Amino acid sequence: MRAVIVTEHGDPEHMAIREAPDPDVGGDKVLVKVHATALNRADTFQRRGHYPPPDGAPDILGLEMAGTVADVGRNVDEWTQGDRVFGLLDGGGYAQYTAVHTDQLMALPPGLSMEEAAAIPEVFLTAYQALHWLGGIQPGHEVLVHAGASGVGTAAIQLTRLAGATPHITASAPKHEVCRDLGAKTTIDYESEDFAERIQEVTAEGVHVILDFIGAPYFHKNVESLAMDGRIVQLATLGGSTVEEVSLRALMGKRAQLMASTLRSRSREYKVELTQAFASHVGPHFVDGDLEPVIDSVYDWTDVSDAHRRMENNQNAGKIVLRVIS
């Protein structure tokens with residue numbers, strides 16, 4: 001098969017479409033012909049050599065995909081050739097074919113294109129896990145989503161609204177309209193506004209859940225923004241990982257909970273459980289229109305370097321999708 005290969009760690013131009021070994025299906029796996037995949041920050045970090053894949057994961061980039069079933073392992077009876085599927089991957093999405101454990105696949109929602117479906121798994125599963133499994137979101141909660149116009153951010157806005165809670169976001173001003181259209185009540189320009197002050201202005205007691213990707217520069221203001229018994233869910237540290245002069249009393253005063261999570265390194269059993277819970281509780285809302293994948297742009301996979309540059313320049317609002325041409 002052909003796949004996008006990182007020829008050397010570094011800038012986006014160090015990627016090329018080359019021949020690669022066909023995936024091994026195995027007894028419990030499904031071979032999927034990839035029609036579309038999507039970019040994630042982890043792809044850009046791995047390309048630069050800063051985020052090696054977990055043990056056993058493919059070296060090929062790509063954490064999600066949509067496509068059609070090409071073959072199934074001997075123990076698989078849930079899927080047949082030609083089924084339209086999408087799902088979360090440990091890696092290997094930037095390729096013509098990928099092998100996925102049968103229980104990590106989901107049926108393509110009716111009415112969605114391959115490009116739309118490819119924009120769902122990583123960001124919506126991450127946001128679902130963060131809000132429901134870790135954040136304990138409840139109807140009536142106030143939720144602060146940093147990087148609200150990112151892929152996970154746009155998913156989190158919608159899932160917050162679906163849960164009967166109120167989303168507030170930070171993002172650069174040009175991206176606020178996208179977030180408001182998705183249901184964000186408050187849009188805060190992180191470049192010119194103090195988000196902790198704005199949160200105190202627009203909520204009665206602060207927010208109950210914070211999803212944060214920035215890390216150290218936001219830590220103290222995150223604590224300020226929390227309501228009593230609030231939770232901070234740390235999903236990345238794009239702005240730095242070392243926080244100075246942490247006051248445990250500030251956390252205790254709010255009875256705050258700080259949780260950190262990654263998804264790629266989780267066990268297969270965890271990902272299967274998360275996928276099936278998501279498909280059951282959330283999947284139908286893509287059919288009735290309550291949820292939608294937010295696509296910034298679609299690139300042919302031969303233009304993968306341009307797609308990576310767009311993400312690294314923070315130009316996207318929503319997902320950047322690669323259309324895989326066989």
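None of the figures in this text is laboratory data; all of them are computed from the coordinates on show. Fair warning: this is a prediction, and the values are worked out from it, not measured in the lab. FYI the Cβ positions are ideal-geometry reconstructions off the backbone, even for glycines, and counts take in every protein chain you see.
Where residues in the stretch 150-172 are of a type in the set (A, V, I, L, M, F, W, C) and farther than 18 Å from ALA119 by Cα, which of them is surrounded by the fewest Cβ atoms within 10 Å (Cβ to Cβ)?
That would be LEU162.
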Residue under evaluation GLY62, criteria (1) more than 23 Å from the chain's Cα centre (by Cα); (2) in a loop (DSSP other than H, G, I, E, B), criterion not met
(1)
Kindly establish whether ALA250 is touching a residue at least 12 places away in the same chain (Cβ under 8 Å) and within 29 Å of GLY136 (Cα to Cα).
yes
List the number of the failed condition for LYS254; all other conditions in (1) surrounded by fewer than 16 Cβ atoms within 10 Å (Cβ to Cβ); (2) over 19 Å from the mean Cα position of the chain (by Cα); (3) not aliphatic (A, V, I, L, M) hold.
(1)
Taking the stretch 90-138 as the search range and keeping residues that are in a loop (DSSP other than H, G, I, E, B) and of a type in the set (Ser, Thr, Tyr), which one is surrounded by the most Cβ atoms within 10 Å (Cβ to Cβ)?
TYR94
Could you check, for the stretch 153-162, whether at least one of its residues is farther than 30 Å from LEU322 by Cβ and not basic (Lys, Arg)?
no
Has the stretch 200-210 got at least one residue that is buried (at least 19 other Cβ atoms within 10 Å of the Cβ) and out of contact with any strand residue (DSSP E or B) (no Cβ under 8 Å at 6 or more places or on another chain)?
no
